[in-house]
Amino acid sequence: MQKVDRKIKPRGYQKLILDLIKLHTSKDKSVILELDCGMGKRVITYELLTTLFPDKKIIFIVLSSSSLVETKDFLQNEYGGVEGFNWIGPGISNSFAQKLLQDSRVILCTPQKLSNILNKGPRTLAESFDIVIINEVDKLIRRMGSRRVLVYPWPELIGKLSSSLFIGMSGTLRDSHYVLDQDQIELRKELDTLVEFIPDVELIYMDCLTGTDVAKFTKETTVEAIPVSDPSIIEISEIIDDLLKEAYNDIRAELREEDPDYLKQVDAIGPQALLQAPVTESLRGKAQSLTLLRKYLFSMIPQQLKKFLYRYPDIDESELSVTPQKILKAVEIAKNTNKTVILCSYIRTAKTISLFLTRAKIKPFLITGQIFDKNVVLQSFRNYDGKAAIIMSPVGERDIDLPEADKLIIYDCVRTTKTVYQQLKRIRGGHGIFLYYDKTYEARKVQSVISTILERYPWSTKLASDS
């Protein structure tokens, strides 16, 4: 067997992680590793495939087709390559894929493709692998689970691979999710759910790396919340809040009569539980529609938002500003920055931001799910000589890191702390800015998310001094 010409030297904290994985797996234990963004999951992966387990049969699972191609290129071309490596792309036939699984030492694939292959192949096919490595293992968890708390096809797939040891890696393992059944709702730690489905598992947290050289490589992100004033948004927000309060009260009233035990759980968990309450569908639907409308209010441009306001006669859509004040604030920030990243939820918002940046003589670059080749856009942004901003939608921003950027603007903040933290770390340090409409529910949400981020990730985030 030809010796691989290795071009990598792990850092001190990476060596500790590898030693711990070696120790735990030698005792037939699976491992879940928390390793923050930019701390070298690729290096750890490469070392697992080539140094720690050079003779083991390994399945390496990534969760999306875009990650599949990127990871394949990395494993083939960086650090000297991986012996016995193959990958299963979307166009490969089932019979050929089974042959690749049989003949390869290391196989890269997505969970959906792997599940389809194993369902049609002999049972011994799944049992032939020693180790299963899962990238972004936290994304196996459904944010709101009822009968199924893992996303498809993981409940069945984990069972088929039960003879293997699992090594799951994630940038964060510190969020919770809701688990529902007919009788109760539970706010459960995502890690508890993972441990339930991946038994005999040892955990390696970021905290375990204290005393190593990890601080030398941790890039701290300063976090700032900037209010935006818009009287029309404040007024509409207050109307939606009142309507939502009324809808919640109606749900509580029905629960008081029909399911007082569930109501006790709501009081313990919070209003989110009301949106899934076992009540009349029209009551629940009204509350869910209003929460969506409130999200749209803070994230959509007026022309798009108006389509959702017609059902609410108390709201005068003519009062909406022609130009969202948040867009003007984002452009103002970009004017004073060399390279800016702007994240927003909707494509029409992203395109409108791009238009206003152009008017301000700032070069815009746009990445959404509609962009076929993101790498071309990214390289153009990185190489542009002058003030530039890249605007990305949630689908577009996946698997993208931009350490070249000085500032990252979160145009409309979501509630999931883990998601927001991962967004902040896309610029690998720098300055993260949350825009929010002052004197609205969004202000409370942003402050709550920032507070939780600072508490959960103290090693890599701090509040800007003037926030």
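Read-outs: derived from the displayed coordinates by stated rules, not from any lab. The structure presented is a predicted model; accordingly, all values stated were derived computationally and were not measured. Cβ atoms come from the backbone with ideal geometry, glycine included; neighbour counts cover every protein chain shown.
Just to be sure I understand: of the beta bridges DSSP finds with both ends in the stretch 12-216, what percent are antiparallel, rounded to 5?
Working: 6 of 32 bridges.
Of those bridges, close to 20 percent are antiparallel.
Which order do the peptides 275-285, 321-331 come out in when sorted by mean C-beta neighbours inside 10 angstrom, highest first?
Taking the mean over residues of other Cβ atoms within 10 Å, the ranking is 321-331, 275-285.
Rank by packing, highest mean first: peptides 357-368, 254-265, with packing defined as the count of other Cβ atoms within 10 Å averaged across residues.
357-368, 254-265
Beyond a 25 Å Cα-Cα separation, which of these cross-linked pairs lie in this structure: K99/K374; K374/K445; K216/K363; K22/K57?
In this structure, K99/K374; K374/K445; K216/K363 exceed 25 Å between Cα atoms.
Arrange the peptides 445-452, 370-377 so that the one whose residues have, on average, the most other Cβ atoms within 10 Å appears first.
In decreasing order of mean packing, 445-452, 370-377 become 445-452, 370-377.
Please work out whether the stretch 327-421 counts as rounded, prolate or oblate from its C-alpha gyration tensor, where a ≥ b ≥ c are the square roots of the eigenvalues and a/c under 1.5 means rounded, while otherwise a/b larger than b/c means prolate and anything else oblate?
rounded
With both partners inside the chain, how many of the DSSP beta bridges are antiparallel, as a percent to the nearest 5?
10
What do you get for the angle between helix 441-456 and the principal long axis of the chain? Use alpha-carbon atoms, 0 to 90 degrees, nearest ten.
30
Return a whole-number percent for the relative contact order of the chain, with Cα pairs under 8 Å and 6 or more residues apart as the contact set. Don't skip to the end; give the middle numbers.
Details: 735 pairs, mean separation 74.8, N = 467.
It rounds to 16 percent for the chain.
If we count other beta carbons within 10 Å of each Cβ, what is the order of E136, E190, fewest first? Spell out each step's value before the answer.
Details: E136 18, E190 23.
Lowest count first: E136, E190.
Over 10 Å intervals from 0, what percent of Cα-Cα pairs in the stretch 231-319 sits in each interval?
Percent of pairs per bin, in order: 16, 46, 25, 12, 1.
Per DSSP H run of at least 4 residues, take -39500 (n - 2.57); add these up for the chain, divide by its residues and hand me the 222 nm value, nearest 500 deg cm²/dmol.
-13000 deg cm²/dmol
So what's the angle, to the nearest 10 degrees on a 0 to 90 scale, between helix 260-269 and the longest Cα principal axis of the chain?
80
Angle check, please: helix 65-77 long axis (alpha carbons) against the longest principal axis of the chain (alpha carbons), in degrees 0 to 90, nearest 10.
40
Leaving out same-chain residues fewer than 8 places away, which aspartates and glutamates sit with a Cα under 13 Å from that of K425?
D36, E220, E397, D399, D401, E404, D406
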